[in-house]
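S.K.: Okay, handing you the structure first.
Bear in mind these aren't lab numbers, they're just calculated from the coordinates by the rules spelled out. These numbers were taken from a predicted model, which means no experiment stands behind them. Glycine also receives a Cβ, built like all others from the backbone with ideal geometry; neighbour counts cover every protein chain displayed.
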Amino acid sequence: MLLQEKISLYKDLIKNNLPSFALNNLDVFSGEQSGYRMRAEFGIFHQNTPNYQVLHFTHDPKTKERIFCHGHFDIATPLINSLMLALEKFCSKNYEFSHKLFQIEYLTTTTKQVIISLLFHRKLHEEQDLEKAQQLQEFLLQKNLIPTQEINIILRARKNKIIVGNNFIKEKFIVDNQEVSLYQVENSFSQPNAQINELMLNYVKKHASTKNDILELYCGVGNFTMVLAQIGRKVLATEVNKQAVEFVYKNLALNNIHNVEVGRISAEEFVQAIYKVRPFRRLEHIDLDSFNFDTVFVDPPRSGLDQKSCDMISKYPQIIYVSCNPQTLVENLQYLIEQHNYQIKHLALFDQFPQTSHCESVAILQRN
């Protein structure tokens, strides 16, 4: 889908559901239209005749039919495309290693670091598979595809994992002329478009302001947390995923940030905690009463926020809402405007997924 079509559909959605917002105030940001995706996952097809071959494929979004990549997936970075061809060559020559391989995931950064995860429908054998993973790493290093030579290999099966190197890599962004570093970890969410992510971080830094404290829900590994720490007096960041929480702490240390506390708890559980419905041992290290929140940051899944969560965040005068689904975003904004008297101060469309129908949004609301 072309950007202009996305903008038109987005504006129609706003016009029909948020008539109080002036359409000419919608900010739009776009970037590279191809070669932008820093992470990608592919199904693996095994072709046995005339010779054994391992091939990457995706699915057509409409027909669901396989589309074989042959080393060219237009929206992925050139580095991922080069790695795909190299992986196919290695795996095709190692049948015993590859025959139960069903998926390969690539995670890369603008700093030219890579994690390649290979997923198997078989038990991993520690000695043999570790040796093959090391051979794969060496094979890729000899290709000189990555100037940093930072290639990490992970083999995953149902109940075991083998790691050659690290399970994390380091990304860097420039926000308000300052460098922000971020460890990104295998098998956890990261923003797929680094260029657009940097624009989003700068947008939040520019338009959100407070002299008090910020509550962040769904913080992941801390992508936005590092910027929110520069905006608020203190930040309470919450996330339910244990591995993600571990890396929030690492990212805070990496950026020398000391005004953030982290709670491993879901947004739904936090509603119960903040209303003192029930205590949570996972929040025992945090004094909730010590915070003076006037801003809440949410970055929910595609389903958006439920009514209870909307009611909970309406306690705070300022809401920063990041969304990957315009439909659920508009529904939540409509509820917050009509039921809790908010006004949209800033609203932006970010074309984070060119050549697809998807986009990202950032809305900043103030209560009247």
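S.K.: Most mobile of Ile231, Ile257, Ile75 per a Gaussian network model of the chain (Cα springs, under 10 Å)?
M.R.: In this elastic network of the chain, the residue with the biggest mean-square fluctuation among Ile231, Ile257, Ile75 is Ile257.
S.K.: Indicate the gyration tensor shape class of segment 248-353 (rounded, prolate or oblate), computed on the Cα atoms with a ≥ b ≥ c the square roots of the eigenvalues: a/c under 1.5 is rounded; otherwise a/b larger than b/c is prolate and the rest oblate.
M.R.: The shape class here is oblate.
S.K.: Hey, got the dipole for segment 163-295? About the Cα centre, +1 on K and R Cβ, -1 on D and E Cβ, debye to the nearest 20?
M.R.: 80
S.K.: Then there is this: In degrees, nearest 10, range 0 to 90: what is the angle between the Cα axis of helix 242-254 and the longest Cα principal axis of the chain?
M.R.: 80
S.K.: Is the C-alpha gyration tensor of the chain telling us rounded, prolate or oblate? Criteria: a/c under 1.5 is rounded; beyond that, a/b larger than b/c is prolate, otherwise oblate.
M.R.: Prolate.
S.K.: Quickly work out the Gln327-to-Lys62 label distance, labels modelled 7 Å from Cα along the C-beta direction, and quote it in nm with one decimal.
M.R.: 1.8
S.K.: Considering only Cα-Cα distances, which of the following residue pairs are longer than 27 Å: Lys211/Lys276; Lys211/Lys242; Lys89/Lys242; Lys143/Lys250; Lys15/Lys211?
M.R.: Lys211/Lys242; Lys89/Lys242; Lys143/Lys250; Lys15/Lys211
S.K.: Aspartates and glutamates within cross-link reach of Lys159: Cα-Cα under 20 Å, excluding same-chain residues under 8 positions apart?
M.R.: Glu96, Glu105, Glu126, Glu127, Asp129, Glu131, Glu186
S.K.: Please report, in debye to the nearest 20, how large the charge dipole of the chain is about its Cα centre when each Lys and Arg carries +1 at its beta carbon and each Asp and Glu carries -1 there.
M.R.: It comes to approximately 400 debye.
S.K.: While we're on this one: Return Cys219, Cys69, Cys91 ranked ascending by Cβ neighbour count within 10 Å, so the fewest neighbours appear first.
M.R.: Lowest to highest Cβ neighbour count: Cys69, Cys91, Cys219.
S.K.: By DSSP, what percent of the beta bridges with both residues in the chain are antiparallel, rounded to the nearest 5?
M.R.: 65
S.K.: Determine the shape class of segment 208-283: with a ≥ b ≥ c the square roots of the Cα gyration tensor eigenvalues, call it rounded for a/c under 1.5, and otherwise prolate if a/b is greater than b/c, oblate otherwise.
M.R.: Verdict is oblate for segment 208-283.
S.K.: Relative to the longest principal Cα axis of the chain, at what angle does helix 126-142 sit, 0 to 90 degrees, rounded to 10?
M.R.: Long axis of 126-142 versus the principal axis of the chain: about 90 degrees.
S.K.: Further question on the same structure: Among Leu79, Ser92, Ile44, pick out the residue whose Cα is farthest towards the positive end of the charge dipole of segment 1-154, where Lys and Arg carry +1 and Asp and Glu carry -1 on C-beta, about the Cα centre.
M.R.: My answer, from the dipole projection, is Ile44.
S.K.: Using the alpha-carbon atoms, what tilt in degrees (0 to 90, nearest 10) does helix 78-92 show relative to the longest principal axis of the chain?
M.R.: Once rounded, the angle reads 40 degrees.
S.K.: Taking only C-alpha pairs under 8 Å that are 6+ residues apart, what is the relative contact order of the chain in percent?
M.R.: 16
S.K.: Take the alpha-carbon centre of segment 50-80, take the same for segment 261-316, and report the distance between them in whole Å.
M.R.: Each part reduced to its Cα centre gives a spacing of 41 Å.
S.K.: Any chance you could check the Cα centroid distance between segment 155-189 and segment 7-37 for me, in angstrom?
M.R.: 31
S.K.: What lysines could a cross-link reach from Lys11, if we take a straight Cα to Cα line under 26 Å and drop same-chain neighbours fewer than 8 places away?
M.R.: Straight-line reach from Lys11, under 26 Å: Lys62, Lys205, Lys206, Lys345.
S.K.: Net charge around Cys359, counting only other residues with Cβ within less than 13 Å of its Cβ (Lys, Arg = +1; Asp, Glu = -1)?
M.R.: In short, -1.
S.K.: What is the local net charge at Ile231, summed over the other residues whose Cβ is closer than 12 Å to its Cβ (Lys, Arg +1; Asp, Glu -1)?
M.R.: Overall, the nearby charge balance is +1.
S.K.: Using the per-residue mean of other Cβ atoms lying within 10 Å as a proxy for protection, in what order, highest first, do the peptides 259-272, 145-158 fall?
M.R.: Ranking, from highest mean packing down: 259-272, 145-158.
S.K.: Then there's this: In what sequence, highest mean first, do 190-196, 133-139, 273-279 appear when ranked by Cβ atoms within 10 angstrom?
M.R.: 190-196, 133-139, 273-279
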